[in-house]
Structure formats: structure tokens, C-alpha cells
Amino acid sequence: MAVVEEAARHYIDLDHFGDSALYKMPRYWKEAVERYSEDTLKAYGIVPWHVNTMYYRLRDAFLQRDPQLILKLSAELGHYLADANVPLHTTKNYNGQLTGQEGIHGFWESRLPELFAKDYTLFVGKASYVSSPQQAVWQAIAVAHGQVDSVLQIERELSVQFGEKKYSFETRGKQTVRVYSVEFSNAFHKKLNGMTERQMKKAIKLIADFWYSAWVDAGQPDLKKLTQYKPSQEELIKCKQELDQWKQERIKVRDHEAEY
Ligand SMILES: [Zn+2]
């Protein structure tokens, strides 16, 4: 069960809630639960609300001056915020499985950055204060969701154009795997016109804004004092155990929700 709950924190199937979901969905968890029930929300993804929860947990970690917790929650919050900026994390057709485009999820968020991120310029300037984290994440989701149709349509058109040349084979270690060919990836990337880079930059900026705002809301504790912190041997062992457990659960999540 815990694994299913974790998976739901990374996406929201907005289109499950109808065409105008973005406009009619309650922004805040309580109202959303009243309208749709907690079970329904958890079944179709809760990323916008979970981000908000994580924001307050991070603020509290700053309030407690707990460096380990601050780092852990910052990383987790960053992951959820980045997911909220991925168009295919906002639709029930998250892997193109409803339109015969299976694999498009990893294509967009892994294969493209693997091939092209070396040319991205990811400078986003200074972090700014976010007065409403809950509204801010919804804004990001709206922008991401607005690009779902283009992502799917461009891939569909290029698939027709490329035919068999859509895929090629690459050796990874001792295995030969089928991948989207470099030519096809190039064409997709070109037609997306910088979308992955743009979305990555948006994610970076939003993550920085959230971290900064949580720190401000906690009264701007002196981080220089916190960075002097050296974990004890016991704490390090505990951390390692947590990490191992996390990795195992991560594998299970992957089994459950192939691309998430
Ligand atoms: Zn993903």
C-alpha cells in the first residue's frame, strides 16, 4: 500500500476530471477531498497537494534547525516539484498507452535529456519568494498540462514519417536494447522547440523559489551555523539504512508504475 501511496505523489491525471479540470479543480486539499473524496484523488494522483504538504514540512525542518531533515526534505520536495513540471505527469495518458505511443514518457523525460542536456543552459537567476506555494504549483501544472497535446501529436506525426527508423538498437553493458533512434530523437527534440530545456529551467527555478521561501517563512535561520554540522557514526549508519530501504521501495514503485 505504501508503494501505491508514494506513486500517487508524483503525478495528477487531470483529464480524468474532465476537459476543464484545470479550471474547476479545487486548489486546496480540503475542498478537493470534499468534492472528489480522498480515495479518488489518491487513485488519480496528488502531486499538487503533496508538494504543498512537503513545503510546510521543509519550513518546519528549518524552524527546528535540523540540517539532516532540511536536506532530506529539500531533495524530496525537489523531486515532486520537478515531476509537476513534466507534461506527461499531468495526464492519464502518461505513457502514451491510450494512443499507441507507449514509451513516450521515458522518451521525453530521460532519452531527450540524456542526448541533449549537455547543450541546455540552465541558469535561472535568483530565487524569489513564493507567497502561495499551493497556487504556484498549480500554475506550474497548468503550464505543463497545456503542452500534453503537442507532445503526443508531434510524436505521432514523426512516427508516421520515420516508420521503421523510429527505433534503433544500442548496447548497454551486455544487453542490446531497443531505443528511440538518435535521428528520431533529434527530430522530436527539434519540433518540441526547446520544451524539455524550458521545463527543466522552470523546475529548477520553482525548486529554488520553494527552498528559499521555506527558509524565509522559518525566520531565515543562519545556515552557516547549520553547515558546521557533522553527523555522528550512528547517524551515518542510520542514513545508509534509510537509503537502502528507499532504493528497494523505489524498485517496487518502478515495477508498479513502469515509468514513474
Ligand atoms: Zn516521469
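The values are calculated or read from the model by the stated rules, or taken from the named source; none is laboratory data. For clarity, every value in this text was computed on a predicted model and none was experimentally measured. So basically every Cβ, Gly included, is an ideal-geometry build from the backbone, and we count neighbours across all protein chains shown. Surface areas here come from the heavy atoms of the whole protein model, side chains and all, with no ligands, DNA or RNA. Shrake-Rupley method; radii C 1.70, N 1.55, O 1.52, S 1.80 Å.
Here are a few things to note about the model shown:
- Filter result for the condition that a residue is more than 14 Å from the ligand (Cβ to nearest atom), open to solvent by 20 Å² or more (accessible area, probe 1.4 Å), under 15 Å from Val51 (Cβ atoms) and among the polar types (S, T, N, Q), over Gln134, Gln153, Gln139: Gln139
- Long-range neighbours under 8 Å by Cβ, at least six apart or interchain, first residue of a type in the set (Val, Ile, Thr) within segment 5-23, second in a helix (DSSP H, G or I) and away from the ligand (no atom under 13 Å from the Cβ): Ile12/Tyr44; Ile12/Pro48; Ile12/Ile141
- Wholly within segment 80-185, helices (runs of 4 or more DSSP H) carrying at least 3 residues that are of a type outside the set (Ser, Thr, Tyr) and over 26 Å from Trp211 (Cα atoms): 112-116, 148-162
- Only one of the numbered conditions (1) surrounded by 18 or more Cβ atoms within 10 Å (Cβ to Cβ); (2) at pLDDT below 95 is not met by Val86, and that is (2).
- Taking every residue in segment 128-152 that is touching a residue at least 24 places away in the same chain (Cβ under 8 Å) and pairing it with any residue that is outside any helix (DSSP H, G or I) and among the small types (Gly, Ala, Ser), at least 6 positions away or on another chain, the pairs with Cβ-Cβ distances below 7 Å are Leu152/Gly96.
- Verdict on Phe116 being open to solvent by 50 Å² or more (accessible area, probe 1.4 Å) and either within 18 Å of Asp13 (Cα to Cα) or over 17 Å from the mean Cα position of the chain (by Cα) (or both): no
- Condition check for Glu76: open to solvent by 20 Å² or more (accessible area, probe 1.4 Å), assigned to a helix (DSSP H, G or I) and within 30 Å of Ala187 (Cβ to Cβ): no
- Restricting attention to segment 89-104, the residues being surrounded by 23 or more Cβ atoms within 10 Å (Cβ to Cβ) and not hydroxyl-bearing (Ser, Thr, Tyr) number 2.
- Glu164 being without any contact (Cβ under 8 Å) to a residue 12 or more places away in the chain, of a type outside the set (Gly, Ala, Ser) and open to solvent by less than 90 Å² (accessible area, probe 1.4 Å): no
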